[in-house]
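Worksheet for the structure shown next.
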Amino acid sequence: MTIEEVVSTGVANALHDLYGLEADASKVNPSPTRKDFEGDLTVMVFPYLKASRKSPEVTGAEIGQWLVDNVPAVSSFNVVKGFLNLSITSNHWLDVLNGIAADPDFGIRKAGDDAPLVMVEYSSPNTNKPLHLGHVRNNLLGYSLSQILKPNGNKVIKTNIVNDRGIHICKSMLAWQKWGDGITPEKAGKKGDHLIGDFYVAFDKHFKQEVKEIMEREGCSEDEAKEKSPLMAEARAMLVKWEQGDPEVRALWEMMNSWVYAGFDETYKKLGVDFDKIYYESNTYLEGKELVLKGLEEGKMYRKEDGSVWADLTGEGLDHKLLLRTDGTSVYMTQDIGTAKLRFRDYPIDKMVYVVGNEQNYHFQVLAILLDRLGFKWGKDLKHFSYGMVELPEGKMKSREGTVVDADDLIETMVKGAAEMAADHLDKMPADEAAEVARKVGLGALKYFLLKVDPRKNMLFNPKESIDFNGNTGPFIQYTYARIRSVLRKAAEAGYTGQGELAEPNAKEATLIQKVDDFRNVVAEAGRTYSPALIANYCYDLAKEYNQFYHDYSIMREEDASKRNLRILLSEVVARTLRTALGLLGIEVPERM
């Protein structure tokens, strides 16, 4: 049991013995005592005054005394108005430390054979451009969420849906046909996803120029000019040919997509994310189209005079949703319906989680309704992990205009920045080790900065702030881990193992043990609320607490063997907990920095 559970159970028993109240221990909810008061945990007694029929001070004193008399972990108490502050015995914290040290899977609840199966979808790139900063946040959130769900007793399938068809793909294909002159990634000396992204930007540039000329020539509005654009008409015609299986269009599509896939794989490897199963829209949209047409036959959808197929959602307080265009081509919603069907056919999924930005909140609200309407019982239970957008100090990013922050460039910049920041230390290492440390620190800075923010919020990413070795940053936490590992290596060299008699922890040491013990609660809460930010900020709090302890107390120079043993063992469990917690964020830790 955690100390919170020990206290909660004790309070519930005290209420029964003192006042005859049958209280639910799970609702007691002790919280950490404020630093300006004496104690470790605080219980609010106001909810029990009706049963005690006494003042808050007297009620708190009676419960506190009962706990001191009956719960060995509670050493003393004080009451401040309606708040009961409890001090926990040193022996309890020593038992906790030994328990953590003996449990290599501390904080991890492994999945049994009958564990729920959760599928997490993330990344979802389009094959008309390389991954950018927005994709980086998506991938890091999705991967971290998958890692967090596992120690919460779930089996997890990580999946990706590649948007490899549609008008945006045809824009890049058409641009390559018109202006590519047979260029390939090898000839250009570029990753394939970058090359295709260049042609997506080129299409938009020519399209805008064409629209401008039509407006000037015919005196029409911008929207009218866009409808008259021959270039856009060609792209739409190419999409129709693709859906009809035109051999020439399909061959071009396969060639260009293969270039992009190779580029994506390289970026995913750099980021340290992976997938158990990848689905492709080109394979799933037909499944969705079939389901929509079946729904049309059953009266669950309707067809307009222009031939397009729609769903009437006014009964659910929404509007009408397009599912098939006039020319019979599919929209994203149709593809997601088909993908969902295939996934639940392939796996016995208990929960489906979509990691997609908050601009798609409406989309997933509609998807849940349509899946339910089409007879899929799991439709209403899907989870949209909705997260905020990431922006730069310079403003928003636009793919069509080529103003995005490329993921590969960003990774390279972060690793280079880490090497420059730690140049004095890295110069003392062999070149290959220094390069590996710079990689881990640079990526750690990027990942931590993007994950420490509440995922529901929009955020501003500042590369310079993220790579600082002070404050709430990844490098600060990684440096703390490396510092501990250095202490432990020196201890081992001196023959100090941390084994043998352990002194009772002092107040600072007890606080640090309590912070380590909090890890299991944080993991559980992060899994319940789908929040990697809780893990990230826990890492910072633990690192900060250890550094204060390290500053105040000697480890290697401590002459009392029992105190030295305690501090070595405490350092070991802090390092292990940091490594495990950062691993849930996909962050690696260097042994030396």
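The values are calculated or read from the model by the stated rules, or taken from the named source; none is laboratory data. On a predicted model such as this, the values are computed, not experimentally measured, just so you know. So basically every Cβ, Gly included, is an ideal-geometry build from the backbone, and we count neighbours across all protein chains shown. SASA here: full protein model, heavy atoms, side chains in, ligands and nucleic acids out. Shrake-Rupley method; radii C 1.70, N 1.55, O 1.52, S 1.80 Å.
List of remarks:
- Nearby lysines by direct alpha-carbon distance to Lys300 (threshold 28 angstrom, same-chain neighbours under 8 apart not counted): Lys289, Lys321, Lys341, Lys351, Lys377, Lys380, Lys383
- Pairwise centroid distance, computed over Cα atoms, of segment 284-357 with segment 202-273, Å: 24 Å
- Looking at the chain alone, DSSP beta bridges between its own residues are antiparallel in about 50 percent of cases.
- With a simple spin-label model that places each label point 7 Å from the Cα along the Cα-to-Cβ direction, the separation between Leu49 and His425 comes to 5.3 nm.
- Taking a Cβ cut-off of under 10 Å around Ala111, the surrounding Lys, Arg, Asp and Glu residues balance to a net charge of +2, with basic ones at +1 and acidic ones at -1.
- Computed from Cα atoms alone, the Kirkwood hydrodynamic radius reported for segment 40-185 is 21.5 Å.
- Between helix 407-421 and the chain: long-axis angle, C-alpha atoms, 0 to 90°, nearest 10: 40 degrees
- Prolate/oblate/rounded label for segment 450-541 (Cα gyration tensor, a/c 1.5): oblate
- Loop-located chymotrypsin sites (Phe, Trp or Tyr not before Pro) in segment 21-81 (DSSP state not H, G, I, E or B) with no more than 11 neighbouring Cβ atoms inside 10 Å: Phe37.
- Counting only lysines at least 8 places from Lys81 when in the same chain, those with an alpha carbon closer than 29 Å to its own are Lys27, Lys35, Lys50, Lys54, Lys508, Lys515.
- The 3J(HN,Hα) values that the Karplus relation (6.51, -1.76, 1.60; θ = phi - 60°) gives for segment 336-346 are, in residue order, 5, 5, x, 5, 4, 4, 5, 5, 6, 6, 7 Hz. Gly and Pro appear as x.
- Between amide H atoms placed 1.01 Å from N, distances below 5 Å from Val162 occur with Tyr279, Tyr280, Glu281, all of them 5 or more places distant or on a separate chain.
- Under Karplus coefficients 6.51, -1.76 and 1.60, residue-wise ³J(HN,Hα) of segment 45-50 in Hz, glycine/proline x: 9, 3, x, 10, 5, 5
- In order through segment 363-379: 3J(HN,Hα) via Karplus (6.51 cos²θ - 1.76 cosθ + 1.60), integer Hz, x for Gly, Pro: 4, 6, 5, 5, 4, 4, 5, 5, 4, 5, 5, 7, x, 8, 5, 7, x
- Trypsin sites (Lys or Arg not before Pro), loop per DSSP, at most 12 other Cβ atoms within 10 Å - longest free stretch of the chain: 111-303
- Across the chain, the relative contact order, built from alpha-carbon pairs under 8 Å that are at least six residues apart, equals 14 percent.
- Between the exposed loop cleavage positions of the chain, defined as GluC sites (Glu not before Pro) in a non-H, G, I, E, B DSSP state with at most 15 neighbouring beta-carbon atoms within 10 angstrom, the longest gap is 39-297.
- Solvent-accessible surface of protein heavy atoms, probed at 1.4 angstrom with all chains present, puts Met44, Met333 in the order Met44, Met333, largest first.
- Distant-in-sequence amide H partners of Ser75 (H built 1.01 Å from N, under 5 Å): Ser87, Ile88, Thr89
- Cβ-defined net charge surrounding Tyr19, 15 Å radius [Lys, Arg +1; Asp, Glu -1]: -1
- Solvent-accessible surface (1.4 Å probe) assigned to Asp327 amounts to roughly 90 Å².
- Built amide H within the under 5 Å cut-off of Ser123, gap 5+: Asn139
- Two-decimal log10 I(q)/I(0) for the chain, as the Debye equation yields it once each C-alpha is a single scatterer, q = 0.06 Å⁻¹: -0.43
- Share of Cα-Cα pairs in segment 259-399 lying beyond 25 Å, as whole percent: 37 percent
- Whole-angstrom gap from segment 37-116 to segment 525-593, using each part's C-alpha centre: 23 Å
- Charged neighbours of Gly272, selected by a Cβ distance under 12 Å, balance to +3 (K, R count +1; D, E count -1).
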